[in-house]
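The values are calculated or read from the model by the stated rules, or taken from the named source; none is laboratory data. Computed from a prediction, not measured in an experiment: that's the story for all the values here. Cβ: placed from backbone, ideal geometry, glycine included. Neighbour counts: every protein chain shown.
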Amino acid sequence: MEYLRQIIDSDKLHNVFDLPLTLRNKSVEVIILPVGGETEQPLVRKRQLGFVKCIPTLPDSFFEPLPEEELRLWE
């Protein structure tokens, strides 16, 4: 990603946007980054769980209700 980073006197920025009083009459660092146009990689990447590598998909039987006998054992 391309960006621009430059140190500049804050008095040159007064026509661009309002600076807080604490930044006026000082040298400031300006960083310009693109916000649109390019698609960025998502910050959160899906991870594979290591313990399920051998099971590519869950069988349909996994989603079936447990038998009454099994449910009683869990009470």
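If the condition is being in a strand (DSSP E or B), hydrophobic (A, V, I, L, M, F, W, C) and surrounded by fewer than 10 Cβ atoms within 10 Å (Cβ to Cβ), then the range 1-27 contributes L4, I7. Residues in the range 52-74: is at least one in a loop (DSSP other than H, G, I, E, B), at pLDDT below 90 and on the phi > 0 side of the Ramachandran plot? Checked against the condition, which is being in a loop (DSSP other than H, G, I, E, B), at pLDDT below 90 and on the phi > 0 side of the Ramachandran plot, the range 52-74 yields no hits at all.
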